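Chemist: First the structure, which I've put down as structure tokens, then a few questions once you've had a look.
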Ligand SMILES: [Zn+2]
């Protein structure tokens, strides 16, 4: 705790003092442009990763960057989504999974959770679609390759879950919202951008479309089980 309290003091004397104008502006209201959904994992820092300042990202964090489908629960995720899209007028939602995700490791071995972490076990039911896809389509995978497939597929599962929310469904219909599927590799700093359309192993033009959406940020692409993928450099 001592380190944390020292950190608060340092924040107040250094960062806050040099960014007073920003914080005064923020005290009048928030206008974030992005809803960033990621894992609770301590190794992820959305603002650091995207080099954004306070006020720029509206963030949902939970175990496994999971969004329960609409109607499955009345939890915090749904409320945050509604608020982000309806009240804040957010136009982009990023679901960002990450390498070495403990939640996805748990998803691959759910029986290990039932005894000691029953709440995690219950929560991972909202990623059951991911588990099924892995079980039925990735029989040849093992170890890290299997885990990475689960991490990637789960981001797409959660994008699909997002689509089940009426507020998102409607904005997508009107072309007023875009969904983005990302995976962050802790060990390299790489960010991989997946087509938000599952199983979209389609023509090359889709890949170009992704790159265009990224405003030329993607410099190379490769295939995986999900379809086209681009890397942000
Ligand atoms: Zn995680």
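Every number here is computed from the coordinates shown, using simple stated rules; none is lab data. If you're wondering where the values come from, they're calculated on a predicted model, not measured in any experiment. Here Cβ is always computed from backbone atoms with ideal geometry, including for glycine, and neighbour counts include all displayed protein chains.
Chemist: Specify the angular offset, from 0 to 90 degrees and rounded to the nearest 10, of the alpha carbon long axis of helix 143-163 from the longest principal axis of the alpha carbons in the chain.
Modeler: Between the helix axis and the principal axis of the chain, the angle is about 70 degrees.
Chemist: For the chain, take the longest principal axis of its alpha carbons; what is the angle in degrees between that and the long axis of helix 128-137, to the nearest 10 within 0 to 90?
Modeler: Helix 128-137 and the main axis of the chain meet at about 40 degrees.
Chemist: Please arrange 133, 66 by counting, for each residue, the other beta carbons lying within 10 Å of its beta carbon, fewest first.
Modeler: Starting with the residue having the fewest Cβ neighbours, the order is 133, 66.
Chemist: Please report 86, 56, 24 as a ranked list, fewest other C-beta atoms within 10 angstrom at the top and most at the bottom.
Modeler: Lowest count first: 24, 86, 56.
Chemist: Using the alpha-carbon atoms, what tilt in degrees (0 to 90, nearest 10) does helix 204-213 show relative to the longest principal axis of the chain?
Modeler: Taking the Cα atoms of the chain, the angle to 204-213 is about 10 degrees.
Chemist: A further question on this structure: Could you tell me what a quarter of the Cα convex hull surface of the chain works out to, in nm² with one decimal place?
Modeler: Mean orientational projected area (the chain, Cα hull): 15.0 nm².
Chemist: Something else about it: Given a cut-off of under 8 Å on Cα pairs at least six residues apart, what relative contact order in percent is computed for the chain?
Modeler: 17 percent
Chemist: So how do 95, 191, 120 line up by other beta-carbon neighbours within 10 Å, fewest first?
Modeler: Lowest count first: 120, 191, 95.
Chemist: A further question follows. Picking from 153, 187, 28, which is most flexible by a Gaussian network model of the chain using Cα springs under 10 Å?
Modeler: Result for the chain, Cα springs under 10 Å: 28 fluctuates most.
Chemist: Distance between the C-alpha centers of the range 10-52 and the range 114-132? Whole Å please.
Modeler: Value for the Cα centre distance between the two parts: 31 Å.
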